[in-house]
Amino acid sequence: MPILNIQLKSGRTPEQKEKLAEAIFELMEEQGFAKRENVKILYSDIEPEDFHEGSTPQK
């Protein structure tokens with residue numbers, strides 16, 4: 001059972017996340033990794049103040 005943890009900057013809509021999940025389910029099944037009903041996706045939203053790249057906070 002694949003469990004995918006996708007970390008994103010916050011701001012994506014539930015619809016965007018659903019569309020991404022659907023594409024991942026299709027690809028995982030198409031490529032023979034796992035049946036879609038066995039794939040689990042966990043989204044972690046990261047607030048801009050919690051994300052740093054180099055020495056500068058991202059906005």
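The values are calculated or read from the model by the stated rules, or taken from the named source; none is laboratory data. Quantities reported herein were computed from a predicted structural model and do not represent experimental measurements. When we count neighbours, we look across all protein chains shown, and the Cβ atoms used for this are built from the backbone with ideal geometry, even at glycine. The accessibility values were calculated without ligands, DNA or RNA, using every heavy atom of the protein model including side chains. Shrake-Rupley method; radii C 1.70, N 1.55, O 1.52, S 1.80 Å.
Residue-by-condition table, conditions (1) small (Gly, Ala, Ser); (2) within 13 Å of the chain's Cα centre (by Cα); (3) modelled with pLDDT under 95; (4) open to solvent by 100 Å² or more (accessible area, probe 1.4 Å):
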position	(1), (2), (3), (4)
8	no, yes, yes, no
40	no, yes, no, no
44	yes, yes, no, no
53	no, no, yes, yes
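The set of residues in segment 28-48 being acidic (Asp, Glu) and under 21 Å from residue 13 (Cα atoms) consists of 45, 47. If the Cβ limit is 8 Å and pairs must be 6+ apart or interchain, which residue in segment 32-57 that is hydrophobic (A, V, I, L, M, F, W, C) pairs with which residue that is surrounded by fewer than 11 Cβ atoms within 10 Å (Cβ to Cβ) and in a loop (DSSP other than H, G, I, E, B)? From residues that are hydrophobic (A, V, I, L, M, F, W, C), the pairs are 34/1; 39/1.
When residue 33 is tested against (1) touching a strand residue (DSSP E or B) at 6+ places or on another chain (Cβ under 9 Å); (2) open to solvent by 70 Å² or more (accessible area, probe 1.4 Å); (3) part of a loop (DSSP other than H, G, I, E, B), exactly one condition is not met: (1).
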